[in-house]
Structure formats: C-alpha cells, structure tokens
C-alpha cells in the first residue's frame, strides 16, 4: 500500500469525541443495556450481510454498537476510529462477549482518510453516521480508500443524517411552525428545535449531505450506488388510544404531507435519513 501525500486536509479534532459525547449520542441507552438500537438492526438488514470468513470493516465505529452487532452475528469485524474514548467504550463492551465472539473483533485507531489496510481486503465496509463528520476533501479521500480496500464487487453501506435539505428547508419553514400550532392547540410536546443545529452539531456536522451531493461523491470515485431515504419519521407512529392515533395521522399529514412525503420529490425534503448501498464494479 502506497501512502499518498495528503496536504492541508481539515479534520474535526478527535478530542471533541470524548466520553460525554458517546454517552449522549443516538443508541447510548440501548448500548449501555447491551441491546442493539433499531438503526443498527436496520443497517444489518439492508446490508445483505451473511456470516462468513471475509473481514468486515466498520469505519467510525464509535462505541462499537455496529461492530459488536456484526461480531454477534458471526462476522470477523474490524472497528476503526480515531477517538480513543470511542475505542475504550468498544474495548470494554467487547469484553462482555463470549470468548468465541470476542475473538471476532479487532479495534484499530486510525482516521478515515488513510485506511491502514491492503488493497482488496474487504467484501463489506460500513460507514454509519460518519459522512457528515468529514470535511469535503476528507470524504472524497475516504471514499477513494473504501474503493481501494474493497474487493471487486464489494459493498459500501452508508447512513448519514441529517439530510441538509430537511434541516435547511422542510423543518424550519414547514414542520416546526406546524408543530408549534399543534402543541398549542392540543397540548402536545412535539419537537420545535431552536436553534435547528445545536452547538455540538455545528462543531461536528461539517459536511451535511443531500441525495444528489452524496451520489456525486460516490460516482466520482467509481462506485455504482443505490440511494434511498428512510421513512421512519414519515410514517404515523403507533399510539395507545384511537384518538391519539387519529391525531398522529393528522400530524403526519400536516407536518410531512403524508403519504406524498414517502416518494420523491417531497421525500428529498422531509426525510432526515439517507441510506446508500454502493458497489465497487468488477
């Protein structure tokens, strides 16, 4: 593997991703109860993952949620992160696994721009909630590296949130005002974020994506990709009473123009989760 010169590439400091950060991010409640959060279950499902001897790579593994789920399902998996706090959580969690499963996990400290692996080593690579943390030049290099370390026909599974168009257009100019009205009329507690991006979001979400922008990155480095938008926040949630269920349906119709929000072009605005399966040709 030849090192390419990487000049003046910006990076979010790994010091930001401390223990406090990982105790507060998505899935923490499940992780500390030794459970798998719904998003990581869905990731396994859509990846088409089948346990076999091939190595799997989890880039930006964080606490190890997906890394442990993969190992528990029979994969030999490498979890990679540049945050020491992340890797410490992952190490501690892996110690709770059965000895046979524990041996399926390797943890590597590295950034996502220059991956310390030979060409064509992996059949499957995951990048879950890492894209938005990489500056544009980093993301381009990372996708280049993913293409390099994947075998021909290998797959890259990506999830990123937020969808930039949702944060910039649909939420502030449509959903939030309607939520405020519903809260006032029906004494609900629907989300009305202000500011839309928290102080931490502004520090770490340095490259929020849309469907077209993410497609462009992947195509540029040679991937053939399928991109879709998650509907988990666009479907009416199950409620305890009939009256509350009717209110939830009305809210989805008002806030997201349900069911039109399930299909393009409105899904490009109202869905906050972007999923990708990208394949290396060959």
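What follows is calculated from the coordinates using simple rules that are stated; it is not laboratory data. Treat the numbers as computed from the prediction; the structure is a model and nothing was measured. Backbone-built Cβ (ideal geometry, glycine too); neighbour counts: all protein chains shown.
Do me a favour and compute the ellipsoid semi-axes for region 1-106 from its Cα gyration tensor, root of five times each eigenvalue, largest one first, whole Å.
Whole-Å semi-axes of the equivalent ellipsoid: 23, 19, 13.
Could you tell me the distance between the Cα centroids of region 193-255 and region 83-119, to the nearest Å?
Using only Cα atoms to place each centre, the spacing works out to 29 Å.
To the nearest 0.05, how large is the calculated FRET efficiency for residue 109 and residue 151 if R₀ is 22 Å and r is the Cβ-Cβ distance? Intermediate results must be reported in sequence, preceding the final value.
On the way: r = 24 Å, r/R0 = 1.11.
Computed FRET efficiency for residue 109 and residue 151 comes out at 0.35.
If you compute semi-axes √(5λ) of the Cα gyration tensor in Å for the structure shown, which of (1) 37, 19, 16; (2) 25, 23, 19; (3) 33, 22, 19 do you land on?
Entry (3).
So which residue, out of 20, 109, 41, gets the largest mean-square fluctuation from a GNM of the chain using Cα contacts under 10 Å as springs?
20
Please state, rounded to one decimal and in Å, the Kirkwood hydrodynamic radius that region 134-256 gives when every pair of distinct Cα atoms enters the mean of 1/r.
17.2
Mind checking the full-extension length gain between residue 169 and residue 45? Use 0.36 nm per residue of separation minus the Cα-Cα distance, one decimal, nm.
The residue 169-residue 45 span can extend by a further 41.6 nm.
Counting helices only, and only those DSSP H runs with n ≥ 4, report the 222 nm mean residue ellipticity of the chain as the sum of -39,500 (n - 2.57) divided by its residues, in deg cm²/dmol to the nearest 500.
Helix contribution divided over all residues of the chain: -10000 deg cm²/dmol.
Under a GNM of the chain (C-alpha, springs under 10 Å), which listed residue has the highest mean-square fluctuation: 236, 195, 264?
195
Just to be sure I understand the model, the point goes 7 Å from the Cα along the line to the Cβ. What's the resulting residue 199 to residue 184 distance in nm?
Spacing of the two 7 Å Cα→Cβ label points: 3.0 nm.
Give the peptides 161-172, 267-278, 181-192 in descending order of average Cβ contacts within 10 Å, highest first.
Peptide ranking by packing, descending: 267-278, 161-172, 181-192.
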